[in-house]
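Working notes for the structure below.
Each value in this text was obtained by applying a stated rule to the coordinates, not by laboratory testing. Bear in mind the structure is a predicted one, so any value in this text is a computation, not a measurement. Note: ideal-geometry Cβ built from the backbone for every residue, glycine included; neighbour counts use all protein chains shown.
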Amino acid sequence: MLHIDNLHVSVADKPIIKGLTLDLPAGEVHAIMGPNGAGKSTLSYTLAGRAGYEVTGGAATLDGEDLLAMDPAARAARGVFLSFQYPLEIPGVPALTFVRTALNAQRKARGEAEIGAPEFLKRARATAAALKMDFEMLRRGLNVGFSGGEKKRMEIFQMALLEPRLLILDETDSGLDIDALRIVSEGVNALRSEGRSMLVITHYQRLLDYIRPDRVHVLAAGRIVASGGPELALELEREGYDKYASAA
């Protein structure tokens, strides 16, 4: 599904990603772990098409198409979804309105019929109940007044309704207590399928106790320096990143 080949990315003329290569097959969950400043968030923003992240070399394709040539809206319509580490607040825009507008914009871009309000509300209520969200909070401004855990549940709520094919989770566990972590992880796991892939970016093993990856990659100094199974995350928890940072 996702193929990254020798990717180089700079931010404000400073090289951050320095020759990163990664394959994420359809149906798999891959975790990326690494120390602060390794380039984890830069990778996620680059794949999503955020401005200010300059690709200076290499390639990234999604289902064989040049992902880097698409604008962010086109990437979203192709099924790319980025769950932010720090979700933004948008005062004055009700969460339900935001999600329905995004969903119909993506459906229109794919040549699909828009979803009507009754069907959308039916799906939204079912999804909110599964995530143990108070439905009334979805009538408020997007993320306005939400706790850290509520913001992360809102991200999973959007995922469930938008049904993306490539999920990029940028430190979704940041700021969550143990109960919120479990609920959010259950929401993510419910989206696992043969036609959907996930890239889970995290510092800590604890998230991977709930969202079990097929592969774990260590990102240090802007490139993948080690890959392995779930046991690699356990090793990192015990020993840290020092030996990988030194090798990089």
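Taking the C-alpha atoms only, the angle from helix 230-239 to the longest principal axis of the chain is near 70 degrees.
In this structure the amide hydrogen of residue 16, modeled in the peptide plane, comes within under 5 Å of the amide hydrogens of 9, 10, 11, none closer than 5 places in sequence on its chain. Extension gain for residue 209 to residue 189 (0.36 nm times residue separation, less C-alpha to C-alpha distance): 6.0 nm.
Angle between the Cα long axis of helix 95-109 and the longest principal axis of the chain, 0 to 90 degrees, nearest 10? So the helix axis and the longest Cα principal axis differ by about 70 degrees. Of the chymotrypsin sites (Phe, Trp or Tyr not before Pro) found in the range 147-225, the ones in coil according to DSSP and having at most 15 other Cβ atoms within 10 Å of their Cβ are 204. In a simple Cβ point-charge model (Lys, Arg +1; Asp, Glu -1; nothing else charged), the chain has a dipole of about 560 debye relative to its Cα centre.
Of the trypsin sites (Lys or Arg not before Pro) in the range 44-134, the ones in a loop by DSSP (not H, G, I, E or B) with at most 11 other beta carbons within 10 Å are 110. Among 55, 184, 216, the residue with the largest mean-square fluctuation in a Gaussian network model of the chain, with springs joining Cα atoms closer than 10 Å, is 55. The Cα atoms of the range 146-217 give a gyration tensor whose axes a ≥ b ≥ c have a/c of 1.5 or more with a/b no greater than b/c, which makes the shape oblate. Segment residue 21..residue 107, full-extension length gain: 27.8 nm, with 0.36 nm per residue of separation and the alpha-carbon distance subtracted. Annotation: amide H-H contacts under 5 Å for residue 144 (H modelled 1.01 Å from N, sequence separation of 5 or more, or interchain): 90.
Helical runs (DSSP H, four residues minimum) scored at -39500 (n - 2.57) apiece and divided by the length of the chain put the mean residue ellipticity at 222 nm at -11000 deg cm²/dmol.
Among 68, 96, the ranking by other beta carbons within 10 Å of each residue's beta carbon, starting with the fewest, stands as 68, 96.
Oblate is the label for the range 25-75, because a/c, from the alpha-carbon gyration tensor with a ≥ b ≥ c as root eigenvalues, is 1.5 or above and a/b does not exceed b/c.
Against the chain, whose longest principal axis is taken from its Cα atoms, helix 117-130 shows a tilt of about 60°.
When the GluC sites (Glu not before Pro) in the range 20-115 are filtered for DSSP coil states and for at most 16 other beta-carbon atoms within 10 Å of their beta-carbon, the remaining sites are 89, 112, 114. Bridge orientation summary for the range 2-247: considering DSSP beta bridges with both residues in this region, about 60 percent are antiparallel. Only one residue of 146, 93, 8 has its Cα farthest out toward the positive end of the dipole of the chain, where Lys and Arg carry +1 and Asp and Glu -1 on Cβ, and that residue is 93.
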